[in-house]
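No lab work stands behind these numbers, since they all come straight from the coordinates. Values in this document were obtained by computation on a predicted structure and should not be read as measured data. With ideal geometry, Cβ positions are generated from the backbone for all residues, glycine too; neighbour counts draw on all protein chains shown.
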Amino acid sequence: MDISRFQEVIRDTYIHHDRRRGLERTLDWLVSEVYELRQAIEAGKGIEEELADVLAWLASVANLLGIDLEKAAVERYGEGCPKCSSKPCRCQYREGPDKDVVLLLRTQS
């Protein structure tokens, strides 16, 4: 199954819930699932399930926004790194996420 077909399955299955919930609460679910993925990785179990959940919630967000995930991913990453246009990436290595993301993670701990 390609990304577009997966997004379609998620839309057909959950769009009525997603619309009722709204974008902000659907984003909250996505963030929650990313946190559960982190916990699964740290525990060393349930990783595939959590990866699938993150992908499903990402598809729900994209559906609410009317964005084709596969098209967006190919346009951004289809030729390699979107910043340096290389495969492999030749950008200067960064140890972690931007400081605003780090601050957000610290406030949630």
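Net length available on complete extension from Glu75 to Lys87 is 2.8 nm, with 0.36 nm assigned per residue and the Cα-Cα distance removed. Stretching the chain fully between Asp12 and Glu49 yields a gain of 11.3 nm (0.36 nm per residue, less the alpha carbon separation). Cβ-Cβ distance of Asp2 and Val31, R₀ of 25 Å, FRET efficiency by 1/(1 + (r/R0)^6): the value works out to about 0.45. Summing charges over all other residues whose Cβ lies under 15 Å from the Cβ of Glu49, with Lys and Arg as +1 and Asp and Glu as -1, gives -4.
With a/c under 1.5 counting as rounded, go ahead and sort region 3-79 into rounded, prolate or oblate using the C-alpha gyration tensor (a ≥ b ≥ c being the square roots of the eigenvalues; past the cut-off, prolate if a/b is larger than b/c, else oblate). It comes out oblate by the Cα gyration axes.
Basic side chains Lys and Arg get +1 at the Cβ, acidic Asp and Glu get -1 at the Cβ, and with that the dipole of the chain about its Cα centre reaches some 360 debye. Between the listed residues Ala43, Ala73, Ser85, the Cα displaced farthest toward the positive end of the dipole of the chain, a dipole computed from Cβ unit charges relative to the Cα centre, is found at Ser85.
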